[in-house]
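Okay, so here's the structure we're looking at.
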Amino acid sequence: MKDSRRNLVLFIFLVSFCFSLFILRIFLGSVWLSPRGIFDFFSNNGSPAAFIFKVRIGRAIMALFAGAGLSVAGLLLQVYFRNPLAGPFVLGINSGASLGAALAIMVFSGIGGSFSGGIFLYHSGVLLFSCLGAFLMVVIVSIVSARVTSNTGLLIFGVLVGYFINAAISIFSYFSVPEKIKIYFLWAEGSFNPPNQGWMMNLFVAFVLFFIFFALFISKNLNIMKLGDNYAQSSGVNLVLAKVSIIIPAGFLSGIVTSFCGPIAFVGLFVPHVARMAFHTEDHRVLVPGVVVLGGIMALLADLVAQLPGLSYVLPVNPILTLVSAPFVLFLILKNGRTNG
């Protein structure tokens with residue numbers, strides 16, 4: 001009872017902190033935004049302040065849902081593989097999505113404005129290819145994990161896959177025009193910039209929300225699956241259906257976020273562990289909403305730092321997330337190694 005009350009208080013605090021960061025992200029940046037900009041925005045005033053407000057609120061929404069989506073994907077992958085080092089970036093799933101997105105960018109980017117509906121075809125192609133790349137990597141990693149029982153071995157496989165895909169993309173770039181290469185490398189740096197078309201951001205939010213609620217819906221099965229296949233079968237769970245219901249949302253969330261924001265590093269691995277330490281539980285009915293809020297907080301903080309408030313510089317998101325997360329990942333590897341030993 002005490003733990004439930006404590007977790008509820010902690011969750012309310014985290015939601016409040018996340019909301020405060022969201023508001024702070026709108027006002028802070030390379031240019032200070034006064035409350036007048038908000039008035040101009042809601043009054044449909046075409047002033048520069050109204051435009052800045054529109055861009056920043058879109059960027060804050062993208063950061064919030066990207067962080068939440070990747071965190072839920074990481075939590076699902078850790079249950080599916082029963083591996084504490086599992087995550088979309090570490091296992092190479094983001095790399096697979098990146099390869100799909102790179103192919104789509106190099107194929108479809110030239111037709112974005114060439115005819116009516118070209119922009120829709122371009123964005124749809126990037127989204128579809130990115131999700132297909134993510135799912136292909138999920139299948140490959142699933143096959144490998146059946147043979148490689150070591151957590152560290154699976155991690156090394158993910159790193160090697162990342163290098164292999166980066167090499168493949170580098171080769172593809174030699175057969176592409178410079179404009180398309182520039183589009184890809186700007187995308188690959190990682191960014192929470194909102195799409196130019198409002199319907200695309202609405203689609204992104206709708207997809208992420210759907211799979212978050214789906215993860216909440218299957219949270220009871222996640223608790224059972226974490227205890228092993230034998231226990232799940234003895235509990236009356238359809239093993240095939242349960243595994244499919246875990247891996248499909250994980251693949252979709254990884255592919256969708258990567259297609260819109262680029263290959264965001266380590267969030268899916270880092271946040272679930274922070275949630276377990278913060279809430280002192282393995283109950284996914286608590287962990288799923290916990291990682292949603294903590295993922296949003298982490299992404300908003302990274303985006304706030306990337307904007308360097310008061311300065312004219314804007315940093316890519318990935319280096320910031322890597323600097324924060326990489327030491328923690330190293331700690332997990334060393335801890336896991338001691339445990340296995």
*Might you check whether a residue that is assigned to a helix (DSSP H, G or I), farther than 18 Å from residue 292 by Cα, modelled with pLDDT under 75 and not acidic (Asp, Glu) occurs anywhere in the range 2-25?*
yes
_Conditions (1) crowded, with 21+ Cβ neighbours inside 10 Å; (2) in a loop (DSSP other than H, G, I, E, B); (3) not acidic (Asp, Glu): number failed by residue 251_ = (2)
*In the range 254-281, which residues are under 16 Å from the mean Cα position of the chain (by Cα) and on the phi > 0 side of the Ramachandran plot?*
262, 266
*Please enumerate the residues belonging to the range 264-286 that are out of contact with any Phe, Trp or Tyr (no Cβ under 6 Å at 6 or more places or on another chain), touching a residue at least 60 places away in the same chain (Cβ under 8 Å) and within 14 Å of residue 4 (Cα to Cα).*
278, 279, 280, 281, 283, 284, 285
*Among the residues listed as 137, 106, the single one being modelled with pLDDT of 80 or more and buried (at least 19 other Cβ atoms within 10 Å of the Cβ)*: 137
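Inside the range 188-219, can you point out the residues that are small (Gly, Ala, Ser) and assigned to a helix (DSSP H, G or I)?
Answer for the range 188-219, where residues must be small (Gly, Ala, Ser) and assigned to a helix (DSSP H, G or I): 188, 198, 206, 215, 219.
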*asked:* Looking at the range 79-98, I want the residues that are touching a residue at least 40 places away in the same chain (Cβ under 8 Å) and have a partner that is of a type in the set (Lys, Arg) and in a helix (DSSP H, G or I) with Cβ atoms under 8 Å, at least 6 apart or on another chain. Which pairs are those?
replied: 80/243
*Would you check if residue 158 is out of contact with any helix residue (DSSP H, G or I) (no Cβ under 7 Å at 6 or more places or on another chain), buried (at least 18 other Cβ atoms within 10 Å of the Cβ) and either in a helix (DSSP H, G or I) or not small (Gly, Ala, Ser) (or both)?*
yes
*Quick check: is even one residue across the range 148-156 more than 20 Å from residue 134 (Cα to Cα), in contact (Cβ under 8 Å) with a residue 60 or more places away in the chain and under 23 Å from the mean Cα position of the chain (by Cα)?*
yes
*Hey, can you tell me all the residues within the range 221-268 that are closer than 15 Å to residue 137 by Cβ and aliphatic (A, V, I, L, M)?*
247, 248, 250, 253, 256, 257
*asked:* Give all pairs with beta carbons closer than 6 Å in which a residue from the range 239-258 that is over 12 Å from residue 96 (Cα atoms) and free of Cβ contacts under 8 Å to residues at least 24 places away in the same chain meets a residue that is charged (D, E, K, R) and outside any helix (DSSP H, G or I); count only pairs at least 6 apart in sequence or on separate chains.
replied: none
*Can you tell me how many residues in the range 187-208 are among the polar types (S, T, N, Q), exposed (fewer than 15 other Cβ atoms within 10 Å of the Cβ) and either modelled with pLDDT of 80 or more or under 19 Å from residue 302 (Cβ atoms) (or both)?*
1
*In the range 69-89, which residues are in a loop (DSSP other than H, G, I, E, B) and either in contact with a strand residue (DSSP E or B) (Cβ under 9 Å, 6 or more places away or on another chain) or crowded, with 24+ Cβ neighbours inside 10 Å (or both)?*
86, 87, 88, 89
*Quick one: is residue 329 in a helix (DSSP H, G or I) and either closer than 28 Å to residue 139 by Cβ or modelled with pLDDT of 85 or more (or both)?*
yes
*Return a yes/no flag: does the range 269-287 have any residue that is under 23 Å from residue 26 (Cα atoms) and either buried (at least 19 other Cβ atoms within 10 Å of the Cβ) or at pLDDT below 85 (or both).*
no
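The values are calculated or read from the model by the stated rules, or taken from the named source; none is laboratory data. In this text, all values refer to a predicted model and were calculated from it rather than measured experimentally. Note that each Cβ is placed from the backbone with ideal geometry, even for glycine, and that neighbours are counted across all protein chains shown.
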